[in-house]
Every structure is written in structure tokens, then in C-alpha cells.
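Visitor: This is the structure I want to talk about, given as C-alpha cells.
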Amino acid sequence: MCGVFGVWAPGEEVSKLTYFGLYSLQHRGQESAGIAVSNGRQILVYKDMGLVSQVFDETTLDSLQGHVAIGHSRYSTTGASTWQNAQPTFRPSSEGSIALGHNGNIVNTHELRDMVDRLPGPVDELDLHRGGAPVATNDTSLLTELLAHHPDCTIEERAVEVLPSVRGAFCLVWMDEDTLYAARDPQGIRPLVLGRLDRGWVVASEDAALATIGASVVREVEPGELIVINSDGLRSRRFAEPERKGCVFEYVYLARPDADIAGRGVHEARVEMGRQLAREFPVDADLVMPVPESGTPAATGYAEESGIPFGQGFVKNSYVGRTFIQPSQTLRQLGIRLKLNALEHMIRGKRIVVVDDSIVRGNTQRAQVRMLREAGALEVHVRISSPPVKWPCFYGIDFATRAELIANGLEVDEIASSIGADSLGYISLQGMVEATRQPMSSLCTACFTGTYPVELPDESLLGKHLLEVSLQSPTMGKALPVLNNP
Ligand code: SF4
């Protein structure tokens, strides 16, 4: 996932705009947060582990003065959740420096690493900085290194040269001392929008971030498009032909409900998925309830279509977010109990339909069904507004390995008994896609179908810890040093 934000706006408090933009993108990544800002002479980067509100305070933001800024909230998919891997990344360039934030996941990291190893200057520099120094092990640092190396051309020309070699999901925002850049992969897997302020421009992962800071939406950044914004205005170039394959899971769960992706409101799509689910898997029951918050729109749709009353059966503690402590399996299970409590007076003696957006490992749903039974539910019918997740995502979601996915190997009735439900119904692929109002051909549905729109390399060249593993095996190439700017 990850949230990215960029603003070019002379005369505005760009670091605070970035802070509020990131704040509204917090749902896309909670492990670390950072802001880079430039005053035209130098870039300053401030980043740390934790939520946006934990990392920044008024004093820090006041110290980040300039006319151009980018921000990032991280959810790790390549590279461990460490300070070294927090973004924006920073690198000196041939004529200054650059800072970069990335949402997505690159699938040819090994090729980028080879390209970095072939760079003449930075290789020496890498050697100089190795020797026990902490290193960045994310795909983003490789990209930053490649873009920062432009001895004979501009950063813009370098981007047009490098980006066609990058495969996978990437929404990038980056900056040098004067200019804001944004680019989106040719498949447009993750969302990225362009917005307008009275005195500048904004790019953000979701349009909700634009609304938060009072910017108007101009349009999506197109798949395969590079945008350059500086005192000469905004320039747009294509670095690759678009082959649209937007992530369908953005509609199901990832994006904020108030987002609009490719012209379709996410909330409306989720409500429609719930209605479709009710048509596909009706059941006699007394109450339809969501797993808050992500299941709420689909539960509303299910209740509307079925005529069964809607109500809240779980209370969610909003102050227990996903913390920056790594969510191990044990913590995930504990997190369920921390986050949700059953409302016994709503549940006791009733036949319940509980609606959620997806099932990954099944542990969450097992704990919820148990909780509902302990609260006195007569029957528990689970309805899921996405099809069974059978394949891992390599484009920015760290679901699980294939072996950990409960739908890989178990049929629906077996999953129902594994989680302890009286019945289980998953929306059909067709039904989910129709609710997005996008043609099936322009969506990625790989985690449901196993058809990956961007070719994957051999399994041994994939994985969250690919670059950490390669650190222990020098023949795999070099790790990148972390450079702290002044
Ligand atoms: S594999 Fe699934 S989660 Fe990943 S980009 Fe495709 S649809 Fe989205």
C-alpha cells in the first residue's frame, strides 16, 4: 500500500500541507512516515517509525520550510519495517540531490540491483559506505539511486530512460531542490491523482488527501505518465504506453470509502458489492452487521437488498490502530481482541449475518465467529464482499504466502467449518467486478485468479526480504547505504 503525497506551491506552508495530506492517507501505511522539503537550495528529510501524528509535531514541521515537499506513509512490502527503509529516500544526485516516495512494489528488483551495480560513480560510493553501516533494503532505494544518477542529462530525461525498465506497481513522487515529479506505472495498479491549489499543484495517492487540504481534483495521473512541476508550469510526458490494470482490491478494501478511482466512488462500489452478495447468497436471518469499519458499506448493501435489519454488533476501539510494532501472527490474533468487542444485547438470541471485505488466513474471522457465539448468537452466517483470496499479491499488498492463505487448498464449505460459521458466502468475481463499473480487462484480479498482469520472475527473485537475503550473499549484489542529509 503506502500513501504518497507531493506539493509544489511557493508561498504556502508545504510541509504542513504534506502533513495533513499524509494524515488523510494514514490508512495506506502505518509503519513509518516522512516528509522531504526543499527551499530551492537544499532538501531536508525528516522521517521516523510510527504514525504521521507520532512522527511530526509543530516544531518539526516549522523547521521544514520551502516551496516543494513530498511525504510518505509506509506499509512494507519489500524490505523490513526499519528506519533505514522509511521514506522519503534521499540521495545526492549529479547536480544536487533527490528525495523520493513510492507506493507499490517492484517485481524486477533483481534487475534494478544489477543496473545500480553497473553505475560507475555510486558503486565506489557504495563500497565506501559499506562496512557495517546500516543499509536500506527496499526496492525504492534502488529506484532512487538510478534516478539520482544523471550525469549527462536532466532528471526528467533520466526518468524517461529508467522508468520503462521498472516492472510492477509504482506510484512515485520525487523532488530535487526546485521541481516536483510524479510517475505511475503503465498498468496504473495503484491510484494517483493530480490536484490544484490556488498557488500550486498537488499529487496524492487518493483524492481524499486533496479534499483534506482544500485542493481541487484535476484528474488521475495516467498510467505510464510522468509529470514535472516547477516554475515553468506543469509538463506531462509518456514514458510507456498505458495497459490499464487497476487493483480491484482498492475498491474492496484498500482505498478510503470517500475515494473515487477511475470515475467510480469506492463507497458506492462497496455498497453494490453488498447488494450483489445478498442476491448471490441470501439467508434467513434477524440482523446484518458489519465487521467495522471495512465491512460497513457492504453490510449496508446486503441489508438493503435482503430487507434484513442492519445493526452494529461489534464495538471497535478506534484508538487501537495497526501499530508500528510488527504485526506477527500472535499479535494479529491479540489485536482482534484489543480492537473488537461484541455488543451482547444486539446479538443474543439472533441469527446473524456478519459481512466482511475479505478472508486471508481465516484467523480473524474464526475469532469473530467465536466472539459472536459467546455473545449468544443462534446462528452466524459469514458473507465476504470479495472472492476467495488464493494467490499472493506482488504489487504492494503483503497478504501472506500462498501456503498461509486459507482459500488455497480449502473449499468454501471447509473454510466455513474451519472458522466455525453456519454458512459462508463469497461474492463472485463477476459480481465484484461489475460493482466497480470497470471492465474486467482493465483490472488486476490476480489474488483471486492467479493471472498476474505484470510478468513475475522466478519465485527465488521475489519476496519481502529479497534484498536482506542478498546482503548475506555478496554475489547477489550490493546493498544500499543509508545517507543522512545534513
Ligand atoms: S494481486 Fe490483488 S491486491 Fe494485488 S494488485 Fe492485484 S488485485 Fe490488487
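The values are calculated or read from the model by the stated rules, or taken from the named source; none is laboratory data. This structure is a prediction, so every number in the text was calculated from the model and none was measured. Please note: Cβ atoms are built from the backbone with ideal geometry, for glycine as well, and neighbour counts cover all protein chains shown. Keep in mind that these areas ignore ligands, DNA and RNA; they rest on the heavy atoms of the full protein, side chains included. Shrake-Rupley method; radii C 1.70, N 1.55, O 1.52, S 1.80 Å.
Visitor: So which of Glu161, Glu157, Glu220, Glu241 is of a type in the set (Asp, Glu), away from the ligand (no atom under 16 Å from the Cβ) and in contact with a His (Cβ under 8 Å, 6 or more places away or on another chain)?
Guide: Unique residue meeting the criteria: Glu157.
Visitor: Got a number for residues in segment 377-420 being within 30 Å of Arg244 (Cα to Cα), without any contact (Cβ under 8 Å) to a residue 24 or more places away in the chain and not β-branched (Val, Ile, Thr)?
Guide: Qualifying residue count, segment 377-420: 3.
Visitor: Can you name the residue in segment 134-164 that is assigned to a loop (DSSP other than H, G, I, E, B) and hydroxyl-bearing (Ser, Thr, Tyr) and, of all such residues, is surrounded by the fewest Cβ atoms within 10 Å (Cβ to Cβ)?
Guide: Once the filter is applied, the top-ranked residue is Thr154.
Per-residue answers, yes or no, for (1) of a type in the set (Val, Ile, Thr); (2) more than 22 Å from Gly246 (Cβ to Cβ); (3) at pLDDT below 95:
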position: Glu268; (1), (2), (3): no, no, no
position: Gly274; (1), (2), (3): no, no, no
position: Phe281; (1), (2), (3): no, yes, no
position: Ala285; (1), (2), (3): no, yes, no
position: Pro292; (1), (2), (3): no, yes, yes
position: Ala299; (1), (2), (3): no, yes, no
position: Glu305; (1), (2), (3): no, yes, no
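Visitor: Hey, another quick one. Limited to segment 425-447, what total is found for residues that are of a type outside the set (S, T, N, Q), assigned to a helix (DSSP H, G or I) and open to solvent by less than 20 Å² (accessible area, probe 1.4 Å)?
Guide: The number of residues fulfilling the criteria is 6.
Visitor: Among the residues of segment 410-424, is there at least one that is of a type in the set (Asp, Glu), surrounded by fewer than 21 Cβ atoms within 10 Å (Cβ to Cβ) and touching an Asp or Glu at 6+ places or on another chain (Cβ under 8 Å)?
Guide: Yes, some residue in segment 410-424 is of a type in the set (Asp, Glu), surrounded by fewer than 21 Cβ atoms within 10 Å (Cβ to Cβ) and touching an Asp or Glu at 6+ places or on another chain (Cβ under 8 Å).
Visitor: On to the next question. Go through segment 253-310 and report how many residues are in a loop (DSSP other than H, G, I, E, B) and either over 24 Å from Thr445 (Cβ atoms) or open to solvent by 20 Å² or more (accessible area, probe 1.4 Å) (or both).
Guide: Qualifying residue count, segment 253-310: 17.
Visitor: Next question, about the same structure. If we keep just the residues of segment 173-191 that are out of contact with any helix residue (DSSP H, G or I) (no Cβ under 8 Å at 6 or more places or on another chain) and in a strand (DSSP E or B), which is farthest from Thr18 (Cα to Cα)?
Guide: Arg184
Visitor: While we're looking at this one, here's another question. Given the condition touching a Leu at 6+ places or on another chain (Cβ under 6 Å), in contact (Cβ under 8 Å) with a residue 40 or more places away in the chain and part of a helix (DSSP H, G or I), answer yes or no: does some residue in segment 165-172 qualify?
Guide: no
Visitor: Okay, next question. Would you say Asp232 is farther than 30 Å from Gln368 by Cβ, surrounded by fewer than 20 Cβ atoms within 10 Å (Cβ to Cβ) and acidic (Asp, Glu)?
Guide: Taking the combined requirement at face value, the residue satisfies it.
Visitor: Is it the case, given these coordinates, that Pro453 is part of a loop (DSSP other than H, G, I, E, B), more than 12 Å from the ligand (Cβ to nearest atom), open to solvent by 20 Å² or more (accessible area, probe 1.4 Å) and in contact (Cβ under 8 Å) with a residue 12 or more places away in the chain?
Guide: Considered against the rule, which asks whether it is part of a loop (DSSP other than H, G, I, E, B), more than 12 Å from the ligand (Cβ to nearest atom), open to solvent by 20 Å² or more (accessible area, probe 1.4 Å) and in contact (Cβ under 8 Å) with a residue 12 or more places away in the chain, Pro453 comes out as no.
Visitor: For the structure I just gave you, tell me whether Arg361 is open to solvent by 10 Å² or more (accessible area, probe 1.4 Å) and part of a helix (DSSP H, G or I).
Guide: No; evaluated as a whole, the condition is false for this residue.
Visitor: Given the conditions (1) within 21 Å of Arg158 (Cβ to Cβ); (2) among the aliphatic types (A, V, I, L, M); (3) surrounded by 19 or more Cβ atoms within 10 Å (Cβ to Cβ); (4) more than 16 Å from the ligand (Cβ to nearest atom), report the number of the one that Leu210 does not fulfil.
Guide: With (1) within 21 Å of Arg158 (Cβ to Cβ); (2) among the aliphatic types (A, V, I, L, M); (3) surrounded by 19 or more Cβ atoms within 10 Å (Cβ to Cβ); (4) more than 16 Å from the ligand (Cβ to nearest atom) applied to Leu210, the lone miss is (1).
Visitor: Across segment 375-398, which residue is nearest to Pro191 (Cα to Cα) among those that are touching a Leu at 6+ places or on another chain (Cβ under 7 Å) and open to solvent by 20 Å² or more (accessible area, probe 1.4 Å)?
Guide: Among them, the one singled out is Phe394.
Visitor: Please tell me if Arg190 is of a type in the set (Lys, Arg), buried (at least 24 other Cβ atoms within 10 Å of the Cβ) and in contact (Cβ under 8 Å) with a residue 24 or more places away in the chain.
Guide: yes
Visitor: Can you pull out the residues in segment 437-448 that are out of contact with any strand residue (DSSP E or B) (no Cβ under 6 Å at 6 or more places or on another chain) and more than 9 Å from the ligand (Cβ to nearest atom)?
Guide: Gln438, Pro439, Met440, Ser441, Ser442
Visitor: Which residues, counting only those in segment 237-252, are within 16 Å of Arg219 (Cα to Cα) and assigned to a loop (DSSP other than H, G, I, E, B)?
Guide: Within segment 237-252, Pro242, Arg244 qualify.
Visitor: Identify all residues within segment 239-252 that are out of contact with any strand residue (DSSP E or B) (no Cβ under 6 Å at 6 or more places or on another chain) and surrounded by fewer than 22 Cβ atoms within 10 Å (Cβ to Cβ); write none if there are none.
Guide: Those that are out of contact with any strand residue (DSSP E or B) (no Cβ under 6 Å at 6 or more places or on another chain) and surrounded by fewer than 22 Cβ atoms within 10 Å (Cβ to Cβ): Ala240, Glu241, Pro242, Glu243, Arg244.
Visitor: Check every one of the helices (runs of 4 or more DSSP H) wholly within segment 1-70 and list those with 2 or more residues that are within 15 Å of the chain's Cα centre (by Cα) and in the same structural domain as Thr89 (by TED's automatic domain parsing).
Guide: 14-24
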